[in-house]
Amino acid sequence: MNDQDIVHLHQAYELAKLRRGFCSPNPSVGAVIVKNNKILATGYHQGAGSPHAEPDALKKLNNSAQGATLYVTLEPCCHFGRTPPCTNAIIKAGIQRVVYGFHDPNPLVAGKGEAQLKAAGITCDYLPLPEITHFYESYHYWQTTKKPFITAKIALSLDGKIAGKSGEPIQITGEALKEFTHYSRQNSDAILTTAKTIIQDDPRLNVRTEDEVIAKPLYILDTALTLQTTAKIFKTAKSVTIFYTDDKNHDSERLEALAAEGATCVAMKSNQHGLDLNQVISHIGQDGIHDLWIEAGGKCFSAFLREKLLKKAYIYIAPKWIGEGQMAFLPEFNLDLQSQPLTWQQVGEDVMCEVCW
Ligand SMILES: NC(=O)c1ccc[n+]([C@@H]2O[C@H](COP(=O)([O-])OP(=O)(O)OC[C@H]3O[C@@H](n4cnc5c(N)ncnc54)[C@H](OP(=O)(O)O)[C@@H]3O)[C@@H](O)[C@H]2O)c1
């Protein structure tokens, strides 16, 4: 392996980044086909059901790439899913060498993809790059646990306030962190919030960048089915799933009204804290969500912390003093931050603390 291998595999990674947050239950993958140090074609996976990155690149060469090297971020698949095995297409196209950046933890692939290519006489090299290993962290986590990799954010003022006196929304952080929030929503497969936050804020919870508006699947904790059917999210989310408790007799009209807005209502067990979050998370994992982004109030944030379900948290802190009587962020337990890796960075006028578990 040489420096050019690193350069081309990194190019494949840049392509994989384009569809992060849009491919679940599949991972996002990028591919580059190179011969004599010249890029012949590139490809990436658009989303489940569409061609994988390798056939997407190969089709641009009429499926003929005699003697070329294929750089691909993930080990090529070798099984029939919604599309045929990539290994077949690679062998048929005459690819001489494959360089890939991550072992596919999917038990249907896991080493078998590489073995099939080698059996067909193709040189196959695994080249781990830190950025690619990091990129597939959530996919690996989901494949091995069937739970989503969960990231939660909470925005606080310097005096620890998250909302106004009666929970009304207040603009806490500045434009740069707002942009980061939209970027994080975009890179996640789905967003989770609470009916409480929707009732207070009536947010859109979609992705809004300078160029586009993107709808995302939305999950909502709503124990007693209190969500108003006029909420904006019914127009702005790609899909809406509401979790409510199975231990009450719910008004069937409420369920019908929410279903009429396109929501899927799922009954969950509850405990002394509210909905059983482990059951909620297993359900979301079964939907094929690798990356889940949580945006809600302090109770939801601390509940996920208490249940040890968070893999990452972003605590935004703004240089503002909101004042007495406003809603404070009060985690209901002691958080041991001593043993956790913490990273601080300034983002625009605010600071952001990243905690990983
Ligand atoms: N600063 C920020 O980053 C930010 C972000 C979003 C929202 N907010 C603000 O946060 C305020 C709401 O905060 P909040 O702390 O009152 O509410 P929250 O964290 O948004 O939601 C908490 C609610 O979730 C429901 N829930 C269901 N199962 C649960 C469980 N196992 N554990 C905990 N909660 C469970 C409960 O309501 P039910 O039993 O009724 O279902 C609970 O009261 C809003 O006013 C909004 O403006 C701030």
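The values are calculated or read from the model by the stated rules, or taken from the named source; none is laboratory data. Note that this is a predicted model, so its numbers are computed, not measured. Note that we place each Cβ from the backbone using ideal geometry, even for glycine, and neighbour counts take in every protein chain shown.
Worth pointing out:
- Within region 283-302, at least one residue is modelled with pLDDT of 95 or more, part of a strand (DSSP E or B), more than 17 Å from residue 147 (Cα to Cα) and acidic (Asp, Glu).
- Failed item in (1) more than 16 Å from the ligand (Cβ to nearest atom); (2) crowded, with 16+ Cβ neighbours inside 10 Å, with residue 264 passing the rest: (2)
- Every residue from region 50-106 that is among the charged types (D, E, K, R) and not in a strand (DSSP E or B): 54, 56, 59, 60, 75, 82, 92, 104
- Index of the failed condition, residue 211 passing every other in (1) within 14 Å of the ligand (Cβ to nearest atom); (2) within 23 Å of residue 19 (Cβ to Cβ); (3) in a loop (DSSP other than H, G, I, E, B): (1)
- Answer residue from region 214-230, given it is surrounded by fewer than 17 Cβ atoms within 10 Å (Cβ to Cβ) and within 12 Å of the ligand (Cβ to nearest atom) and is farthest from residue 262 (Cα to Cα) among those: 224
- Contact map, region 326-339: residues that are under 16 Å from residue 299 (Cβ atoms) and away from the ligand (no atom under 12 Å from the Cβ) paired with residues that are modelled with pLDDT of 70 or more and of a type in the set (Val, Ile, Thr), Cβ distance under 9 Å, separation 6+ or inter-chain. Pairs shown: 335/355.
- Meets criteria (away from the ligand (no atom under 13 Å from the Cβ), in a strand (DSSP E or B) and under 29 Å from residue 141 (Cβ atoms)) for residue 345: yes
- Whichever residue in region 140-167 is part of a helix (DSSP H, G or I) and loosely packed, with under 15 Cβ neighbours inside 10 Å and, among such residues, is farthest from the ligand (Cβ to nearest atom): 144
- Of all residues in region 304-323, those that are over 28 Å from residue 274 (Cβ atoms) and surrounded by fewer than 18 Cβ atoms within 10 Å (Cβ to Cβ) total 3.
- Condition broken by residue 250, with the remaining ones in (1) more than 22 Å from residue 329 (Cα to Cα); (2) at pLDDT 95 or above satisfied: (2)
- Listed by first and then second residue, the pairs linking a residue in region 168-196 that is farther than 17 Å from residue 209 by Cβ and within 13 Å of the ligand (Cβ to nearest atom) to a residue that is at pLDDT 95 or above and charged (D, E, K, R), with Cβ atoms under 6 Å apart and 6 or more places separating them unless they lie on different chains, are 173/350; 193/295; 195/222.
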